[in-house]
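The values are calculated or read from the model by the stated rules, or taken from the named source; none is laboratory data. Bear in mind that the values here come from a model prediction, so they are computed numbers and not experimental data. With ideal geometry, Cβ positions are generated from the backbone for all residues, glycine too; neighbour counts draw on all protein chains shown. Please note that ligands, DNA and RNA were not included when accessible areas were found on the heavy atoms of the full protein model with its side chains. Shrake-Rupley method; radii C 1.70, N 1.55, O 1.52, S 1.80 Å.
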Amino acid sequence: MTEAEIFDKLVEIIDPLDPITLETVVKDCVDIDSLALFNIVFFYKQEKGLALALNDFMPCTTVGDMVKLIASKQ
């Protein structure tokens, strides 16, 4: 998947009420909570076979960081 495809899938999984961008700060976005992160990890483990854990997302400050993390696991 390209980074653009990863971003689009993240938006689909998160299903935000307000638009998010690559620059969206994770801690400031009410739509990116622990359930959203769990759903992201679950999707990428089950559907794509990626070795992801919730702790992997701890250093991510922006949605762009999350996209780069997922891209690096491919």
For the stretch 43-49, in residue order, the Karplus 3J(HN,Hα) values (coefficients 6.51, -1.76, 1.60; θ = phi - 60°; whole Hz; Gly and Pro = x) are 4, 5, 6, 6, 8, 10, x
Projected onto the charge dipole of the chain (unit charges on the beta-carbon of Lys, Arg, Asp and Glu, signs +1, +1, -1, -1), the Cα from Gln46, Pro19, Ile6 with the largest positive-side position is that of Gln46
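Might you tell me the accessible area per residue for the chain, computed with a 1.4 Å probe and given in Å²? Please list the in-between numbers first.
Values: 4660 Å² over 74 residues.
Computed with neighbouring chains in place, this is 63 Å² per residue.
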The summed charge of the Asp31 Cβ neighbourhood (under 14 Å; Lys/Arg +1, Asp/Glu -1) stands at -4
Cross-link reach from Lys27 to aspartates and glutamates, straight Cα distance under 13 Å and at least 8 residues apart if same chain, gives Asp65
Taking protein heavy atoms only, a 1.4 Å probe, and rounding to whole percent, the accessible area of the chain owed to carbon and sulfur comes out at 55 percent
Low-density loop chymotrypsin sites (Phe, Trp or Tyr not before Pro), the chain, at most 10 other Cβ within 10 Å, DSSP non-H/G/I/E/B, are none
Quick shape summary for the chain, equivalent ellipsoid via Cα gyration tensor, semi-axes whole Å in descending order, reads 17, 13, 12
